[in-house]
Amino acid sequence: MAEIVLNNLAHSYLPNPESEQEFALRELTHRWKQGGAYALLGPSGCGKSTLLNIISGLLQPSQGQVLFDGNEVNELSPKERNIAQVFQFPVVYGGMTVFDNLAFPLRNIKAPKAQIKQKVQEVAELMELTDVLKKKANNLSADQKQKISMARGLVREDVSAILFDEPLTVIDPHLKWKLRRKLKQIHEQLNITMLYVTHDQLEAATFADEIAVMYQGKIVQFGTPQSLFEKPNHTFVGYFIGSPGMNFIPVSWEQGECRFGNQTVTLTEQQEAALNATPSTNLKIGIRPEFVQLATSQERIEHSLQAECIHIEDYGTYSLATLMLDEHKIIMRVEEGERIAIGHVSIHFPNESLKLYIDEYLAGEVVSE
Ligand code: ADP
Ligand code: MG
């Protein structure tokens, strides 16, 4: 079991990278605490597998250090690092029985026979492989084979960490949900550092206590699912987390007014100060569909924005309304009992939910702590 620290880590697959774009991983420093359940979340190609393979030792980083409990492990092989890694597609010893597949990592460390038997049975039970323990792995379905791969990653309790790289890709949807819960349970029992790579926000949120959102080779935000939802640090996080994602509107800042088209948006003092301090013209406001309100009360009417509702999609307990704010399309979530109709509508963005982004990064927030 280990705390994993990445120190000024960066990686390019090219021998002589010349620009930032040529790095699959941009320089990053990060700490994964001992015993944590973490997810690495991001779209395909953002560098998740690269990062995982550097931690496990399958890949040597172009720059920086990997530390386990304070000791540099850059020169150590995956085996020496004592890491269990589960990949996207099954890796099984086809000619061996399922039992032997699961026993393999334990035999490797010369665990006593009785302990091997007990542990294999325990993990087989958990992954629902008990019935097939005596079968040859080759004769099983892709689903079952992947369960074997996962189970093999879980039989040893003495590993530094367990890394999962999109392990549920070939698993059918129903079983996916079940396995996700199981992994969470296992984490609670074992207190082993676990890193779970996925491009699925739901998967990340069910498994992890904290999520690192990756985008273009960078960790753009690290936090609880709730903080990613409430305070996206980057426009990408706002867009990627939530369904549908956050609304963004490009704005201008002139003579103390935040504007788009001929409408004015009311900002907080901190947001105004941030705008006064930046030379950038890449300015956006962001608000989640859940936080857009109808301008009903007096306070809301005073700061209301004028929009045109062009489409309403009914989801039973709520609806999603598509609004045009000048030429900008935004989505508003309307709860059961609230009324909205096609045509003109006055809306309001509450101060605490209206975010400001300068050069795609969150700005003008009150610093807490
Ligand atoms: P993810 O796992 O998030 O989909 P990867 O870490 O696999 O992303 O890839 C990150 C970037 O590095 C991508 O642009 C990908 O094309 C590139 N890449 C990945 N593996 C290799 C490789 N072996 N050689 C060259 N480029 C690679
Ligand atoms: Mg990958």
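The values are calculated or read from the model by the stated rules, or taken from the named source; none is laboratory data. Since this is a predicted model, take the numbers as computed values, not measurements. Methodologically, a virtual Cβ is constructed for each residue, glycine included, from the backbone with ideal geometry; neighbour enumeration extends over all protein chains shown.
What's the total number of residues in the range 31-50 that are exposed (fewer than 14 other Cβ atoms within 10 Å of the Cβ) and either farther than 16 Å from Ile192 by Cα or near ligand 1 (Cβ under 8 Å from one of its atoms) (or both)?
Of the residues in the range 31-50, 3 are exposed (fewer than 14 other Cβ atoms within 10 Å of the Cβ) and either farther than 16 Å from Ile192 by Cα or near ligand 1 (Cβ under 8 Å from one of its atoms) (or both).
Which one is farthest from the chain's Cα centre (by Cα), of the residues in the range 2-25 that are within 11 Å of ligand 1 (Cβ to nearest atom) and in a strand (DSSP E or B)?
In this case the residue turns out to be His11.
Could you check Gln146 against (1) within 16 Å of ligand 2 (Cβ to nearest atom); (2) touching a residue at least 60 places away in the same chain (Cβ under 8 Å) and say which number it fails?
(2)
Hey, can you tell me all the residues within the range 51-92 that are part of a strand (DSSP E or B), within 26 Å of Ile171 (Cα to Cα) and within 16 Å of ligand 1 (Cβ to nearest atom)? Break it down into steps so the answer makes sense when it comes.
Narrowing the range 51-92 to residues part of a strand (DSSP E or B): 63-68, 71-72, 83-86.
Pick out the ones that are also within 26 Å of Ile171 (Cα to Cα) and you get 83-86.
Gln85, Val86 - these are the residues of the range 51-92 that are part of a strand (DSSP E or B), within 26 Å of Ile171 (Cα to Cα) and within 16 Å of ligand 1 (Cβ to nearest atom).
Please go through the range 196-254 and pick out each residue that is over 9 Å from the mean Cα position of the chain (by Cα) and among the acidic types (Asp, Glu).
Asp209, Glu230, Glu254
Considering (1) within 21 Å of Gln144 (Cα to Cα); (2) within 32 Å of the chain's Cα centre (by Cα); (3) surrounded by fewer than 16 Cβ atoms within 10 Å (Cβ to Cβ), say which one Val86 fails and leave the rest.
Unmet for Val86, out of (1) within 21 Å of Gln144 (Cα to Cα); (2) within 32 Å of the chain's Cα centre (by Cα); (3) surrounded by fewer than 16 Cβ atoms within 10 Å (Cβ to Cβ): (3).
Might you check whether a residue that is charged (D, E, K, R) and surrounded by 15 or more Cβ atoms within 10 Å (Cβ to Cβ) occurs anywhere in the range 74-82? Don't jump to the end; show me each part of the working.
In the first step, residues of the range 74-82 are kept if they are charged (D, E, K, R); the result is 75, 79-81.
Subset that is surrounded by 15 or more Cβ atoms within 10 Å (Cβ to Cβ): 81.
Yes: one or more hits.
Please note which strands (runs of 3 or more DSSP E) are completely contained in the range 285-350 and include at least 3 residues that are touching a residue at least 60 places away in the same chain (Cβ under 8 Å) and within 27 Å of His234 (Cα to Cα). So that I can check it myself, show each step before the final result.
Details: elements: 305-314, 318-325, 328-335, 343-348.
Per the criteria, 328-335.
Sort out for me the strands (runs of 3 or more DSSP E) sitting completely within the range 201-275 that have 3 or more residues that are not small (Gly, Ala, Ser).
Here the list reads 210-215, 218-223, 247-250, 257-260, 263-265.
Give the residues of the range 93-142 that are in contact with a Ser or Thr (Cβ under 6 Å, 6 or more places away or on another chain) and assigned to a loop (DSSP other than H, G, I, E, B), sorted by residue number.
If the condition is that a residue be in contact with a Ser or Thr (Cβ under 6 Å, 6 or more places away or on another chain) and assigned to a loop (DSSP other than H, G, I, E, B), then Lys134 is the only one that fits.
Specify which of the listed residues (Glu313, Glu308) is among the acidic types (Asp, Glu) and surrounded by fewer than 12 Cβ atoms within 10 Å (Cβ to Cβ).
On the way: Glu308 fails: surrounded by fewer than 12 Cβ atoms within 10 Å (Cβ to Cβ).
Of the residues listed, the single one that is among the acidic types (Asp, Glu) and surrounded by fewer than 12 Cβ atoms within 10 Å (Cβ to Cβ) is Glu313.
Which numbered condition in (1) without any contact (Cβ under 8 Å) to a residue 60 or more places away in the chain; (2) among the charged types (D, E, K, R); (3) in contact with a helix residue (DSSP H, G or I) (Cβ under 8 Å, 6 or more places away or on another chain) is the only one that Arg26 fails?
(1)
Just checking, how many residues over the range 276-291 are surrounded by 19 or more Cβ atoms within 10 Å (Cβ to Cβ), out of contact with any Pro (no Cβ under 8 Å at 6 or more places or on another chain) and hydrophobic (A, V, I, L, M, F, W, C)?
Residues flagged as surrounded by 19 or more Cβ atoms within 10 Å (Cβ to Cβ), out of contact with any Pro (no Cβ under 8 Å at 6 or more places or on another chain) and hydrophobic (A, V, I, L, M, F, W, C) within the range 276-291 amount to 2.
Name the one entry in Leu76, Leu51 that is within 26 Å of Gln216 (Cα to Cα) and either at pLDDT 95 or above or within 16 Å of ligand 2 (Cβ to nearest atom) (or both).
Values: Leu76 fails: within 26 Å of Gln216 (Cα to Cα).
Of the residues listed, the single one that is within 26 Å of Gln216 (Cα to Cα) and either at pLDDT 95 or above or within 16 Å of ligand 2 (Cβ to nearest atom) (or both) is Leu51.
Within the range 213-229, take every residue that is in contact (Cβ under 8 Å) with a residue 40 or more places away in the chain and not hydrophobic (A, V, I, L, M, F, W, C) and give me the one that is surrounded by the most Cβ atoms within 10 Å (Cβ to Cβ). Show your work before the answer.
So the first thing to find is which residues in the range 213-229 are in contact (Cβ under 8 Å) with a residue 40 or more places away in the chain, and the list is 213-219, 222, 229.
Still in the list and also not hydrophobic (A, V, I, L, M, F, W, C): 215-218.
Numbers: Tyr215: 20, Gln216: 17, Gly217: 24, Lys218: 20.
Among those residues, the one meeting the criterion is Gly217.
Using beta carbons and a limit of 9 Å, which pairs, at least six apart or on different chains, have the first residue in the range 37-50 and in the same structural domain as His187 (by TED's automatic domain parsing) and touching a residue at least 40 places away in the same chain (Cβ under 8 Å) and the second one near ligand 2 (Cβ under 10 Å from one of its atoms) and polar (S, T, N, Q)?
Ala39/Thr198; Leu40/Thr198; Leu41/Thr198; Gly42/Thr198; Lys48/Thr198; Ser49/Gln88
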